[in-house]
1. Where does each of ASP29, ASP142, ASP43 land when they are ordered by accessible area, with a 1.4 Å probe and the largest first?
2. Provide the descending list of Cα extents for the chain along its principal axes, expressed in whole angstroms.
3. Keeping all protein chains in place and using 1.4 angstrom, which order do TRP164, TRP73 fall into by accessible surface area, from largest down?
4. Please compute the volume of the convex hull spanned by the alpha-carbon atoms of the stretch 33-140 and report it per residue in Å³.
5. What residues from the stretch 126-145 fall in the zone where the backbone N is under 12 Å from a label point 7 Å along the Cα-to-C-beta line of TYR173?
6. What FRET efficiency comes out for LEU23 versus ASN157 if R0 is 30 angstrom and r is the Cβ-Cβ distance? Round to the nearest 0.05.
7. How large a share of the accessible area of the stretch 9-120, in percent, is made up of carbon and sulfur atoms when the probe is 1.4 Å and the other protein chains stay in place?
8. At 1.4 Å probe size, what's the solvent-accessible area of ARG112? Round to the nearest 10 Å².
Amino acid sequence: DLGENNFGYRTYNGSSLSSESDLSRSGVDGNDYVLLVPKPDSDTIVLITVGQLSSGDPAISANIWNGSSWAGWTTIENEATTNDDECFAFAWETNSGDGLLVYGQNGQSTPRYRTLSGTSWGSENSLPSTGSAPKWVTLASDPASNKLIFGGLDNSNDLNVNIWSGSSWGTNYEHETSMATTDR
């Protein structure tokens, strides 16, 4: 719902849905993009959303479902690139089971990232510069290792990719410098 700060959710026991519960969140007006990413072979689900703060700045928040309850909201970024585009992505490393969140910060040409181990988010770090702030971001896991691939479309219509080794980023490769649009 536009302007809604809370999420309604239901659990499924294999034959029926529970009554609706409320997952409240304060300080954010609306939820423009929402991403749910289940962890393979577990009951863990990561919820990531971008919405707008009362100041007008886009903010990225995350919450973790452990199979029976939510861990609580973590503010990831208070000045995201935009709340009009999906400027964030999340993926799980196959072998370690750790997670990785990549996102854009307004005015920054270096995409940001945080790791997730259990329910603990690591500190903010940066990928190499993509030339302009990322507007659309995607991540995909290698099914045989902890490697992830990053793809990002930035404000300058550039398409960049990079590989996460499981512990660090490689060098950005710019595939295109003049995409037709900065849409996904």
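1. In descending accessible area the options line up as ASP43, ASP29, ASP142.
2. 50, 41, 29
3. On the way: TRP164 10, TRP73 70 Å².
Greatest to least solvent exposure: TRP73, TRP164.
4. Once divided by residue count, the hull of the stretch 33-140 is 95 Å³.
5. none
6. The formula returns an efficiency of 0.25 here.
7. Within the stretch 9-120, the accessible surface is 39 percent carbon and sulfur.
8. Probe radius 1.4 Å; accessible area of ARG112 about 30 Å².
The values are calculated or read from the model by the stated rules, or taken from the named source; none is laboratory data. In this text the structure is predicted, and so the values were computed from the model without any measurement. We place every Cβ from the backbone using ideal geometry, glycine too, and count neighbours over all the protein chains shown. With ligands, DNA and RNA removed, areas are computed over all heavy atoms of the protein, side chains included. Shrake-Rupley method; radii C 1.70, N 1.55, O 1.52, S 1.80 Å.
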